[in-house]
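**Student:** Handing you a structure now.
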């Protein structure tokens, strides 16, 4: 028996999101707790799972806010460390008319990349059913080595490995290195959630079936491959089969956290139903549930504190 359903490692940061204009006409920015790994865990907590986080924030006001936020969500914080020398990472989110976003980061360095291998809580890594990670913890040392050791430790302990490339180009000095690190994650995961633009980045393909075929041929360790296509919906490739489910039509405000919400719902389904003997109907149900949850998040600002409750997802379904 494992103590935690899902443990995630990576960035915990502040998203400054646009929130109208001041009386003087200046942009107003709202402080939102964020970071893909904890967004995933927040959604999983809403679905009744036991989760824990491994990462680092600054010994500053923003670090206090983030620690309080994930604790309030029910996420285990014993693996959250504080750095007294480097500040909490900040991200400024610019929202486009269609709800999509672009990012600017204050992270040279940020506290999240200062996590070392020696600081890892091995009990969290060996005590989880699923270990989830992305690439923001692979951009710089010492966190890159810490991530690599964490992945290997969790795998040896029997955890299912979940990976979301979560490509943020401004954080990489060299996009060739970004591709190498993404491929490192692809070579180790059991479950892959990847977006349409990331499929293009890794494979050069805009056709999802061709892109998926390349990924599954190069990385046969991937057992469950999900491609998100924004409002169009999502695709699942499993056991030589391809299932597509269209997205839900909602009034999108911004898309921050939508992919993380989708990813969490996939992990929720795997925790309930496993990775063996999946039918097309069960995969379609998984995608439909994940699409619905992700659609709801796009109608709200922020991510970590904006995850829908199960009843809200069921109501949209």
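The values are calculated or read from the model by the stated rules, or taken from the named source; none is laboratory data. These figures come from a predicted structure and were not determined experimentally. With ideal geometry, Cβ positions are generated from the backbone for all residues, glycine too; neighbour counts draw on all protein chains shown.
**Student:** Quick one: which of 103, 163 is surrounded by 23 or more Cβ atoms within 10 Å (Cβ to Cβ) and in contact with a strand residue (DSSP E or B) (Cβ under 8 Å, 6 or more places away or on another chain)? Break it down stepwise before answering.
**Tutor:** On the way: 103 fails: surrounded by 23 or more Cβ atoms within 10 Å (Cβ to Cβ).
That would be 163, the only listed residue that is surrounded by 23 or more Cβ atoms within 10 Å (Cβ to Cβ) and in contact with a strand residue (DSSP E or B) (Cβ under 8 Å, 6 or more places away or on another chain).
**Student:** I've got another one for you. Considering each of 263, 189, 236 in turn, give the residue that is surrounded by 20 or more Cβ atoms within 10 Å (Cβ to Cβ) and under 19 Å from residue 307 (Cα atoms). Write out each step before concluding.
**Tutor:** On the way: 189 fails: under 19 Å from residue 307 (Cα atoms); 236 fails: under 19 Å from residue 307 (Cα atoms).
Of the residues listed, the single one that is surrounded by 20 or more Cβ atoms within 10 Å (Cβ to Cβ) and under 19 Å from residue 307 (Cα atoms) is 263.
**Student:** Residues to consider are 261, 252; find the one that is closer than 29 Å to residue 91 by Cβ and assigned to a loop (DSSP other than H, G, I, E, B). Let's see the steps before the verdict.
**Tutor:** Details: 261 fails: assigned to a loop (DSSP other than H, G, I, E, B).
Only one candidate qualifies: 252.
**Student:** Another question about this same structure. Select from the range 18-36 the residues that are in contact with a helix residue (DSSP H, G or I) (Cβ under 8 Å, 6 or more places away or on another chain) and outside any strand (DSSP E or B) and write down the one among them that is surrounded by the fewest Cβ atoms within 10 Å (Cβ to Cβ). Please lay out each step first, then the result.
**Tutor:** Step one: filter the range 18-36 for residues in contact with a helix residue (DSSP H, G or I) (Cβ under 8 Å, 6 or more places away or on another chain), giving 31, 33, 35-36.
Then drop every residue that is not outside any strand (DSSP E or B), which leaves 35-36.
Numbers: 35: 30, 36: 27.
Going through the qualifying residues, I end up with 36.
**Student:** Quick check: anything in the range 202-220 loosely packed, with under 15 Cβ neighbours inside 10 Å, closer than 26 Å to residue 77 by Cβ and more than 15 Å from the chain's Cα centre (by Cα)?
**Tutor:** Looking for residues that are loosely packed, with under 15 Cβ neighbours inside 10 Å, closer than 26 Å to residue 77 by Cβ and more than 15 Å from the chain's Cα centre (by Cα), one finds none in the range 202-220, hence no.
**Student:** Hey, can you tell me all the residues within the range 286-317 that are touching a strand residue (DSSP E or B) at 6+ places or on another chain (Cβ under 9 Å) and modelled with pLDDT of 95 or more?
**Tutor:** Step one: list which residues in the range 286-317 are touching a strand residue (DSSP E or B) at 6+ places or on another chain (Cβ under 9 Å), which gives 286-288, 290-291, 294, 301-306.
Once the filter is applied, which keeps residues that are touching a strand residue (DSSP E or B) at 6+ places or on another chain (Cβ under 9 Å) and modelled with pLDDT of 95 or more, the range 286-317 yields 286, 287, 288, 290, 291, 294.
**Student:** Only one of these is closer than 20 Å to residue 295 by Cα and without any contact (Cβ under 8 Å) to a residue 12 or more places away in the chain: 97, 27. Name it.
**Tutor:** Of 97, 27, the one residue that is closer than 20 Å to residue 295 by Cα and without any contact (Cβ under 8 Å) to a residue 12 or more places away in the chain is 97.
**Student:** Hey, among the residues in the range 130-147 that are within 17 Å of the chain's Cα centre (by Cα) and more than 13 Å from residue 55 (Cα to Cα), which one's surrounded by the most Cβ atoms within 10 Å (Cβ to Cβ)?
**Tutor:** Ranking the candidates gives 131 first.
**Student:** Can you tell me which condition residue 221 does not meet? The list is (1) out of contact with any helix residue (DSSP H, G or I) (no Cβ under 8 Å at 6 or more places or on another chain); (2) farther than 20 Å from residue 164 by Cα; (3) modelled with pLDDT of 95 or more; (4) in a loop (DSSP other than H, G, I, E, B), and all the others hold.
**Tutor:** Every listed condition holds for residue 221 apart from (2).
Conditions tested, residue by residue: (1) in a strand (DSSP E or B); (2) loosely packed, with under 15 Cβ neighbours inside 10 Å.
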residue: 1; (1), (2): no, yes
residue: 16; (1), (2): yes, no
residue: 40; (1), (2): no, no
residue: 54; (1), (2): yes, no
residue: 57; (1), (2): yes, no
residue: 67; (1), (2): no, no
residue: 72; (1), (2): no, yes
residue: 81; (1), (2): yes, no
residue: 97; (1), (2): no, yes
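**Student:** Need the failing condition index for residue 130 against (1) in a helix (DSSP H, G or I); (2) more than 29 Å from residue 102 (Cα to Cα), just the number.
**Tutor:** Status for residue 130: all satisfied but (1).
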